[in-house]
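Worksheet: the structure to be examined is printed underneath.
The values are calculated or read from the model by the stated rules, or taken from the named source; none is laboratory data. Because the structure is predicted, anything quoted here is derived from the model rather than measured. Every residue, glycine among them, receives a Cβ derived from its backbone with ideal geometry; neighbour counts consider all protein chains shown.
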Amino acid sequence: MTKLTRDKNYLETYLKSQGWLEENETIKSTEVPGEGNMNFTLRLDTGERTFIVKQSRDFVEKYPQVAAPAERALREAEFYELTSEKPGLKAMMPNILGLDKENNVMVMDDLGAGSDYTHVYKKGQTIPEDELIEIMDFAADLHNGFSAKTASKVIHNLKMRELNHEHMFVYPYLDDNGLNLDDILPGLAEIGKMYKADDELKAELEKMGKLYLADGDKLLHGDYFLGSWLKTKDGVRIIDPEFCFFGPAEFEIGVTIAHLKMADQSEELITKALDHYSAKAKLDEELRKKFTATEILRRILGLAQLPLEIGLEKRKSLLEESRNILTGN
Ligand SMILES: Nc1ncnc2c1ncn2[C@@H]1O[C@H](COP(=O)(O)OP(=O)(O)OP(=O)(O)O)[C@@H](O)[C@H]1O
Ligand SMILES: [Mg+2]
């Protein structure tokens, strides 16, 4: 297994061996294209063109002691391959220029040095309505576009789902998981204790977890939140479908809405986003709300923290609301 590094000579040799770099091309510079945790992701500049290289390894790039499914870049590539059957979807994602299945490396178009939407978690920031509508449109077209019954390929991606399941349904509710919530926000640990001791809630979460791991009908991006949407000079683009699978649309939209709520976006904007999606694609609102609740709980209480700026009271009320939705109280 080749482990890519930022060494330019090494990269040139590797890229040429794959036929991804012309004989006369050289790598002039490299840079990390943006915030990322899971993978080795690099922008390469030949002086004539730039492109992005992404390698997945059997660990998490930022936390090498944490194991992760090594072949996730291949699942990501499968998503791009499948969605390229639909021109409207393909136009909103990078083109794949090459895939090395042996070493789990993917090379793709550089969408430019835009930024993702994670700045929207910051106080006072909002996502422009027309851009959010494009994002909801993409999801509706994706979910309408593929059914497991007819798709040319069904992606299971079970190992990535199991990893996510651990962080969504198990880890946040373990008594001694090693995470001190007070380090994130003083007062949060005391609140977290209540949720860890809530057997009624945990029983509901177990059901949601089973639903997440069961195979479903729609092709989902799988991680449809502010970090997977890029704002570029040509418009909104969608990246990083490494958690893709065929499942319930309610999971995808549930997660999206959870992030809009944690980013403190207005009820009005969130309703518009939901209405827009629902006008194009079918959604069971009750199930969607339960997945929204699940995602809020795990992001506030679990390991995969976000750069949230909402205070303790707001977090507390989001947690309570989520608990009530899940338990029906
Ligand atoms: N094709 C691309 N064009 C331009 N920028 C890109 C492209 N792919 C990725 N980036 C930039 O690199 C960042 C990291 O990419 P990506 O999210 O795919 O990596 P990751 O390791 O899977 O991240 P995470 O740990 O958040 O899942 C993105 O937020 C984006 O800023
Ligand atoms: Mg990723």
- Kindly provide the set of residues from the range 125-158 that are over 19 Å from LYS86 (Cβ atoms) and either modelled with pLDDT under 95 or part of a helix (DSSP H, G or I) (or both), ordered by number. GLU129, ASP130, GLU131, LEU132, LEU158
- Counting only residues that are among the acidic types (Asp, Glu) and under 19 Å from the mean Cα position of the chain (by Cα), the range 196-216 contains a total of 1
- Message: Restricting to the range 58-75, name every residue that is under 16 Å from the mean Cα position of the chain (by Cα) and away from ligand 1 (no atom under 12 Å from the Cβ).
- Response: PRO69, LEU74
- Among the residues listed as GLY114, GLY124, GLY98, GLY88, the single one being within 18 Å of the chain's Cα centre (by Cα) and more than 16 Å from ligand 2 (Cβ to nearest atom): GLY114
- Message: Which of the numbered conditions does VAL53 fail, given that it passes all the others? Conditions: (1) touching a helix residue (DSSP H, G or I) at 6+ places or on another chain (Cβ under 6 Å); (2) surrounded by 20 or more Cβ atoms within 10 Å (Cβ to Cβ).
- Response: (1)
- Pick from the range 193-231 the residues that are without any contact (Cβ under 8 Å) to a residue 60 or more places away in the chain and part of a loop (DSSP other than H, G, I, E, B): which of them is nearest to ligand 2 (Cβ to nearest atom)? ASP223
- Item | Selection status of GLU190, farther than 18 Å from ILE296 by Cα and assigned to a helix (DSSP H, G or I) | no
- Task: Could you please find all residues in the range 232-255 being within 12 Å of ligand 2 (Cβ to nearest atom) and aromatic (Phe, Trp, Tyr)?
- Result: PHE243
- Note on the structure: Exactly one of GLY88, GLY47 is on the phi > 0 side of the Ramachandran plot and either away from ligand 1 (no atom under 12 Å from the Cβ) or surrounded by 16 or more Cβ atoms within 10 Å (Cβ to Cβ) (or both), and that residue is GLY47
- Among (1) β-branched (Val, Ile, Thr); (2) within 26 Å of HIS156 (Cβ to Cβ); (3) touching a strand residue (DSSP E or B) at 6+ places or on another chain (Cβ under 9 Å), VAL236 falls short only on (2)
